[in-house]
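Reading through the structure tokens given below for one structure.
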Amino acid sequence: MSTTLTFTDQKLLESAVVDAEGTVQYTTTTTSGFRGRKITTIMAASGPVGVMNWRQKTFTINGVHREWEYLKSRSGGIFSSEREWKWDHRHYKLKYHDSQKELLATPNFANAAGTVRFTTYRSHLFHDNKRAAIYFPSQMEDETEKMFLLMAILQTEIRRQDRARNARNNAAASSAMASSAVATSGPC
């Protein structure tokens, strides 16, 4: 059995995260500036506070400050989307599955509570949208570990969304340029 937490808003960095009864477990808020995201703060109902500094590329959990370059590494080869995240001596492999609709955080250490699963937000035309949700194993009791995994999953998902948005924008710009070139060249 797992503990299911659901994001109430499509904007993951500006959302309440609620349990099955609708009780707020986490709240995410993000400040932005001229150059985009600055800081995302995650407040847990149980106490821990997490801060993601997008510009300095750092996580801070309960006052412990770590840079992403020491927390995250590529695993699985050059073309793999798999990343390894670690906090203290706990290593997790994060990898998307099911056409990037699901992100799994699989522990890579002894006595692990189990795999954490994140499902992405999906909009639907003819029925209710599917909200993003994170599923923590019921045996996972360490609040710092949960906060770290929530932050690593959010960072991974937001980067995926940014890449998809940039690809769509580039495709639209290329299409517009091609249409413009055909229109201005006229008949030969």
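Quick check: is even one residue across segment 76-91 modelled with pLDDT under 90 and among the hydroxyl-bearing types (Ser, Thr, Tyr)?
yes
Is there a residue being on the phi > 0 side of the Ramachandran plot, modelled with pLDDT under 95 and within 17 Å of the chain's Cα centre (by Cα) anywhere in segment 3-15?
no
So, in segment 1-16, exactly how many residues are touching a residue at least 60 places away in the same chain (Cβ under 8 Å) and in a loop (DSSP other than H, G, I, E, B)?
5
Which of the residues spanning segment 88-119 are of a type in the set (Ser, Thr, Tyr) and in contact with a strand residue (DSSP E or B) (Cβ under 7 Å, 6 or more places away or on another chain)?
Tyr92, Tyr96, Thr106, Thr115, Thr119
Take Ala152 and tell me if it is small (Gly, Ala, Ser), modelled with pLDDT of 90 or more and either surrounded by 10 or more Cβ atoms within 10 Å (Cβ to Cβ) or touching a Cys at 6+ places or on another chain (Cβ under 6 Å) (or both).
Taking the combined requirement at face value, the residue satisfies it.
The values are calculated or read from the model by the stated rules, or taken from the named source; none is laboratory data. This structure is a prediction, so every number in the text was calculated from the model and none was measured. We place every Cβ from the backbone using ideal geometry, glycine too, and count neighbours over all the protein chains shown.
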